[in-house]
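Visitor: Take this structure first; my questions come after.
Since every read-out is calculated from the coordinates, none of them should be taken as a lab result. Computed from a prediction, not measured in an experiment: that's the story for all the values here. Reconstructed Cβ throughout: ideal geometry from the backbone, glycine too, with neighbour counts over all protein chains shown.
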Amino acid sequence: MDLGLSGAGALVTGGSRGIGRAVAVALAAEGARVALLGRDPAALAAAVEVVGPGTVAVRADTTQDEQVRSAVDEAAAALGRLDVVVNCAAPRATPGQTPGLEGVDDEDFLRQVDTKALGYVRVVRAAAPHLRAAGGGRVVNISGMNARATGSIGGSVRNIAVVAITKNLADELGSVGISVTCVHPGLTITDRVSDDAAFRELASGNALGRPVTAGEVAGVITFLTSPRAAVANGSVVSVDGGRPGPIWA
């Protein structure tokens, strides 16, 4: 299937590692020109080598609006156009936190929301004029299955906020040809955890009975960035291999 992404300009935040880097690789394989947004210059340089020739790297901390605006403008200028935005930039969940109220660290809670939820808003706000100039486009916001589970208040809030942001943006931007969707990965095998046997076993606890890889998640996201997925505007898609039990209507 031709996804119609050849020649498209795509910006991937958090593109230097994990699912973000896998998405960048998948987009480049479809013929898109890709810009990676991140904070770590060494990680960005390494990711550019993986994604391939023509890949652009721009630096920004998504908690800083001026940096975001500058980086998005730089990416759009380097690519010549902007048709796709994939928001993956998010702090890693803090391991070993006590669940429930006792586990809420005020500073960490605000950092999580500022980076992942409000950070996504900053990126789309900066990118929207470029997407409009290109005649429309796609935004995919990466959330997570904690949006549908209790246990970590901070994890639930930062992810369910992305769902609410996605629907608000979908309603606002759909009429100008910009479709906005949300993707919920579950436990996903990335380079960071590829050799972690305990994580792989935990990640196998889905209905498929095996771990889901970053490349598989990227395949779904890449389809959602394509013109073929325009009618999915406002949708929330789970890519966790199927959590046994709950029914999502």
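Visitor: Calculate the FRET efficiency for Ala164 and Thr98 from the Cβ-Cβ distance with a Förster distance of 35 Å, rounded to the nearest 0.05. Kindly include the intermediate steps, with their values, before the conclusion.
Guide: Details: r = 26 Å, r/R0 = 0.75.
My answer for the efficiency is 0.85.
Visitor: Considering amide H positions built from the backbone, and no H for Pro or chain starts, which residues 5 or more places from Ala89, or on another chain, come under 5 Å of its amide H?
Guide: Thr13, Gly14
Visitor: Run the numbers for Ser6 and Ser235: contour at 0.36 nm per residue of separation, minus the present Cα-Cα distance, in nm. Each step should come with its number before you reach the end.
Guide: On the way: separation 229, 0.36 × 229 = 82.44 nm, distance 2.41 nm.
Length difference between fully extended and current span is 80.0 nm.
Visitor: Pairs of alpha-carbon atoms within less than 8 angstrom and 6+ residues apart define the contacts here; what relative contact order does the chain have, in percent? Mind showing how you got there, number by number?
Guide: Numbers: 503 pairs, mean separation 47.9, N = 249.
Result for the chain is 19 percent.
Visitor: Quick one: which residues, 5 or more positions from Ile178 or on another chain, have an amide H under 5 Å from its amide H? H modelled 1.01 Å from N in the peptide plane, none for Pro or chain starts.
Guide: Residues meeting the amide H criterion: Gly137.
Visitor: With θ set to phi - 60° and the Karplus curve 6.51 cos²θ - 1.76 cosθ + 1.60, what are the ³J(HN,Hα) couplings of the stretch 7-22 in order, to the nearest whole Hz, using x for Gly and Pro?
Guide: x, 6, x, 10, 10, 10, 7, x, x, 8, 7, x, 4, x, 5, 4
Visitor: Moving on to the next point. Name the long-range amide H neighbours of Ala60: under 5 Å, sequence gap of 5 or more, or other chain; modelled H, no Pro or chain starts.
Guide: Those qualifying (amide H under 5 Å, at least 5 residues apart or on another chain) are Gly38, Arg39.
Visitor: What list of ³J(HN,Hα) couplings, whole Hz, do you get for the stretch 123-131 from phi and the Karplus terms 6.51, -1.76, 1.60, once you set θ to phi - 60° and write x for glycine and proline?
Guide: The phi angles translate into 5, 5, 4, 6, 7, 3, x, 6, 5 Hz.
Visitor: Right, another one. Restrict the search to the stretch 56-107; then list the trypsin sites (Lys or Arg not before Pro) that DSSP places in a loop and that have at most 13 other Cβ atoms within 10 Å of their Cβ. Intermediate results must be reported in sequence, preceding the final value.
Guide: On the way: sites: Arg59, Arg69, Arg81, Arg92; in loops: Arg81, Arg92.
Counting only loop positions with at most 13 other Cβ atoms within 10 Å, the trypsin sites (Lys or Arg not before Pro) in the stretch 56-107 are Arg92.
Visitor: Output needed for the stretch 1-107: three equivalent-ellipsoid semi-axes, defined as square roots of 5 times the C-alpha gyration tensor eigenvalues, in descending order, whole Å. Mind dumping the intermediate values first?
Guide: On the way: eigenvalues 162, 50, 31 Å².
Its equivalent ellipsoid spans semi-axes of 28, 16, 13 Å.
Visitor: For the chain, what does the helix formula give at 222 nm: sum of -39500 (n - 2.57) over DSSP H segments with n ≥ 4, over the residue count, nearest 500 deg cm²/dmol? Working shown, then result.
Guide: Details: 8 runs with 99 residues, N = 249.
Taken over the chain, the calculation gives -12500 deg cm²/dmol.
Visitor: Want the number for Glu172 to Arg210: 0.36 nm per residue separation, take away the alpha-carbon distance, what's left? Write out the running numbers ahead of the final one.
Guide: Values: separation 38, 0.36 × 38 = 13.68 nm, distance 3.82 nm.
That works out to 9.9 nm of additional length.
Visitor: Label point 7 Å out from Ala46 along Cα-to-Cβ: which residues of the stretch 158-197 have amide N under 15 Å?
Guide: Counting only backbone N, you get 190-195.
Visitor: Something else: Residue by residue, what Karplus-based ³J(HN,Hα) values in Hz, rounded to whole numbers, does the stretch 208-219 have, using 6.51, -1.76 and 1.60 with θ = phi - 60° and x for Gly and Pro?
Guide: Listing the rounded values in order: 6, x, 8, x, 9, 9, 4, x, 5, 4, 4, x Hz.
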